[in-house]
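Colleague: To start, I am sharing the structure in question, which I have written as structure tokens.
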Amino acid sequence: MKTLTKLAAGLSLGAALLGSTAAMAQDDDVRIALVVKSLGNGFFEAANRGAEEAAEEIGNVEIIYTGPTDTTAEGQIEVINSLIAQQVDAIAVSANDPDALVPALKKAMQRGITVISWDSGVAPEGREMHLSPSSHELIGQTIIKLAADELPEGGDVAVLSATSTSTNQNIWIEEMNKVMDQYPDINVVATVYGDDLADKSYREAQGLMQTYPDLDAIIAPTSVGIVAAAQAVADAGKIGEVNVTGLGLPSEMAGAVESGASKSFAIWNPVDLGYATTYLAYNLATDQAEAEPGAEVGMGRMGSATLDDNNEAAMSEPFKYDASNIDEFKSVF
Ligand code: RAM
């Protein structure tokens, strides 16, 4: 009897689930999952604001903002598998690793889910297209120039990156290294990884200052690392000795600019990036565009992305922030 009741309960639950799936399938909302490197990162939260703005503009889009709690590929694979099970229409991922996500993303594409990467890319076989915030070369050149401009006599600089497998940071550092011959008096003494975790980034910055007592600058091409490094410099009493620069959000870096721990840094608009990504995912998922070399895919108020031979496009240029303009932007993103 008990078993029968359980069975009946199970059946009606099954029917309810089926019912709700059917209801969802009838729903014509396009469900776009914005998979971020990790939750709790202000950069991605700003991108999500842009995604929501695009969703509202388009009308029939639901944004599922999701990601692991730490910046691992394993965490993202779990998230992607659950999105496949939920039969979302599109996955737009900022990857913690260019290769590790490919099998899960291929599975998603085989099930008819549109897959794109943005911010931090996945290998071409794991996505239909990739949207970079800006040209890789330009970002690499920008981060070293920001440091070098404050060191007219030259000096020692170190890089505090995100994770060692992060696609975007690795490309930017590679591009930076390509132009180091333009800065013969600047030495890059080390590259360390704070994994986009505030506490680990802080400890790595402390470690750099201990190992290299004459360090002149820390370049952190990550919005998490740059804030942590500026805090470590301030706490070590090294404001004026070690300049922290790289990529950060004006809202999170205003204190560091005010204290002098950071003379300047750069970033593109993360709200626009999330907005543009949402339009791309929507246009591909609804077959209004196809991801192929030369294609122009609409990005709403951001114009359109023209895909290169690798189905990649870049959004805009990084913008420099310092004491002259930080107040104006700190409330924007
Ligand atoms: C962190 C992330 C992100 C990167 C920014 C600049 O938030 O690593 O991928 O684009 O920094």
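Colleague: If a residue must be part of a loop (DSSP other than H, G, I, E, B) and open to solvent by less than 30 Å² (accessible area, probe 1.4 Å), how many such residues does region 258-268 contain? Step through it out loud before you land on a result.
Modeller: First pass over region 258-268, keeping only residues part of a loop (DSSP other than H, G, I, E, B): 260-263, 268.
Right, trim to open to solvent by less than 30 Å² (accessible area, probe 1.4 Å) and you get 260-262, 268.
Residues that pass the stated criteria total 4.
Per-residue answers, yes or no, for (1) among the charged types (D, E, K, R); (2) touching a helix residue (DSSP H, G or I) at 6+ places or on another chain (Cβ under 9 Å); (3) over 22 Å from Ile113 (Cα atoms); (4) buried (at least 17 other Cβ atoms within 10 Å of the Cβ):
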| site | (1), (2), (3), (4) |
| --- | --- |
| Ala236 | no, yes, yes, no |
| Gly248 | no, yes, yes, yes |
| Thr277 | no, yes, no, yes |
| Glu296 | yes, no, no, no |
| Asn311 | no, yes, no, yes |
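Colleague: Just the residues that are aliphatic (A, V, I, L, M) and open to solvent by 40 Å² or more (accessible area, probe 1.4 Å), please, taken from region 192-233. Please lay out each step first, then the result.
Modeller: First, the residues of region 192-233 that are aliphatic (A, V, I, L, M): 192, 197-198, 205, 208-209, 215, 217-220, 224, 226-230, 232-233.
Leu197, Ala198, Val227, listed by residue number.
Colleague: Gly255 is checked against (1) in a helix (DSSP H, G or I); (2) of a type outside the set (Phe, Trp, Tyr); (3) in contact with an Asp or Glu (Cβ under 9 Å, 6 or more places away or on another chain) and fails just one. What number does that condition carry?
Modeller: (3)
Colleague: Can I ask one more? Consider Gly260 carefully, then state whether it is within 15 Å of the ligand (Cβ to nearest atom) and on the phi > 0 side of the Ramachandran plot.
Modeller: Working: within 15 Å of the ligand (Cβ to nearest atom): no; on the phi > 0 side of the Ramachandran plot: yes.
So Gly260 does not fit the description; no.
Colleague: Further question: Find the residue count for region 149-166, including only residues that are within 16 Å of the ligand (Cβ to nearest atom), open to solvent by less than 20 Å² (accessible area, probe 1.4 Å) and of a type outside the set (A, V, I, L, M). Walk me through how you get there before you give the answer.
Modeller: Within region 149-166, the subset within 16 Å of the ligand (Cβ to nearest atom) is 159-166.
Subset that is open to solvent by less than 20 Å² (accessible area, probe 1.4 Å): 159-163, 166.
Next, from what is left, pick out any that are of a type outside the set (A, V, I, L, M): 161, 163, 166.
Count: 3.
Colleague: May I ask you to list the residues in region 119-148 that are under 20 Å from Gln76 (Cβ atoms) and within 15 Å of the ligand (Cβ to nearest atom)? So that I can check it myself, show each step before the final result.
Modeller: Initial filter on region 119-148 (under 20 Å from Gln76 (Cβ atoms)): 119-133.
Listed by number, the residues that qualify are Asp119, Ser120, Gly121, Val122, His130, Leu131, Ser132, Pro133.
Colleague: Among the residues of region 154-202, what is the count of those that are hydroxyl-bearing (Ser, Thr, Tyr) and in contact (Cβ under 8 Å) with a residue 60 or more places away in the chain?
Modeller: Within region 154-202, the first condition is being hydroxyl-bearing (Ser, Thr, Tyr), and the residues that meet it are 161, 163-167, 183, 191, 193, 201-202.
Filter once more, keeping what is in contact (Cβ under 8 Å) with a residue 60 or more places away in the chain: 161, 163, 165-167.
Number of matching residues: 5.
Colleague: Looking only at residues in region 75-118 that are part of a strand (DSSP E or B) and among the polar types (S, T, N, Q), which one is nearest to the ligand (Cβ to nearest atom)?
Modeller: Here is the first cut: in region 75-118, the residues part of a strand (DSSP E or B) are 90-93, 114-118.
Now drop any that are not among the polar types (S, T, N, Q), which leaves 114, 117.
Numbers: Thr114: 21, Ser117: 11 Å.
Restricting to residues being part of a strand (DSSP E or B) and among the polar types (S, T, N, Q), the top hit is Ser117.
Colleague: Continuing with this model, one more query. Say we look at region 89-101 and pick out the residues that are open to solvent by less than 10 Å² (accessible area, probe 1.4 Å) and within 17 Å of Pro68 (Cβ to Cβ); which of these is nearest to the chain's Cα centre (by Cα)? Can you show your working first?
Modeller: Taking region 89-101 and keeping what is open to solvent by less than 10 Å² (accessible area, probe 1.4 Å), we get 90-96, 101.
Filter once more, keeping what is within 17 Å of Pro68 (Cβ to Cβ): 91-96, 101.
Numbers: Ile91: 14, Ala92: 11, Val93: 9, Ser94: 5, Ala95: 8, Asn96: 9, Leu101: 15 Å.
The qualifying residue nearest to the chain's Cα centre (by Cα) is Ser94.
Colleague: Related question: Restricting to region 41-59, count the residues that are in contact with a helix residue (DSSP H, G or I) (Cβ under 9 Å, 6 or more places away or on another chain) and over 15 Å from Asp272 (Cβ atoms). I'd like the intermediate steps shown before the answer.
Modeller: Of all residues in region 41-59, those in contact with a helix residue (DSSP H, G or I) (Cβ under 9 Å, 6 or more places away or on another chain) come to 41-55, 57-58.
Filter once more, so that each one left must be over 15 Å from Asp272 (Cβ atoms): 41-42, 58.
Qualifying residue count for the region: 3.
Colleague: While we're looking at this one, here's another question. Looking at region 26-62, which of its residues are outside any helix (DSSP H, G or I), small (Gly, Ala, Ser) and more than 16 Å from the ligand (Cβ to nearest atom)? Full working, then the answer.
Modeller: Restricting attention to region 26-62, the residues satisfying the condition of being outside any helix (DSSP H, G or I) are 27-41, 59-62.
Going one step further and asking which of them are small (Gly, Ala, Ser), we end up with 33, 38, 40, 59.
Result: Ala33, Gly59.
Colleague: OK, next. Please identify the pairs in which a residue from region 83-94 that is closer than 13 Å to Leu105 by Cβ has its Cβ atom under 9 Å from the Cβ atom of a residue that is in a loop (DSSP other than H, G, I, E, B) and open to solvent by 60 Å² or more (accessible area, probe 1.4 Å), counting only partners at least 6 apart or on another chain.
Modeller: The qualifying pairs are Ile84/Arg111.
A quick yes/no check of all residues on (1) at pLDDT 95 or above; (2) within 16 Å of the ligand (Cβ to nearest atom); (3) within 22 Å of Leu138 (Cα to Cα):
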site	(1), (2), (3)
Gly255	yes, no, no
Phe265	yes, yes, yes
Thr278	yes, no, no
Asn283	yes, no, no
Met299	yes, no, yes
Asn310	yes, no, yes
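Colleague: In addition: Take the residues in region 229-252 that are in a loop (DSSP other than H, G, I, E, B) and within 15 Å of the ligand (Cβ to nearest atom), then tell me which one is nearest to Val271 (Cα to Cα). Give the steps one after another, and end with the answer.
Modeller: Here is the first cut: in region 229-252, the ones in a loop (DSSP other than H, G, I, E, B) are 236-242, 248-249.
Those still in the list that are within 15 Å of the ligand (Cβ to nearest atom) too: 248-249.
Working: Gly248: 13, Leu249: 11 Å.
The selected residue is Leu249.
Colleague: Let me ask something else about it. With the checklist (1) in a strand (DSSP E or B); (2) surrounded by 22 or more Cβ atoms within 10 Å (Cβ to Cβ); (3) free of Cβ contacts under 8 Å to residues at least 60 places away in the same chain in hand, flag the one item Tyr65 doesn't pass.
Modeller: (2)
The values are calculated or read from the model by the stated rules, or taken from the named source; none is laboratory data. All values reported here derive from a predicted model rather than from experimental measurement. All Cβ positions, even for glycine, are placed from backbone atoms using ideal geometry, and neighbour counts span all protein chains on display. All accessible areas refer to the heavy atoms of the entire protein, side chains included, with ligands and DNA or RNA removed. Shrake-Rupley method; radii C 1.70, N 1.55, O 1.52, S 1.80 Å.
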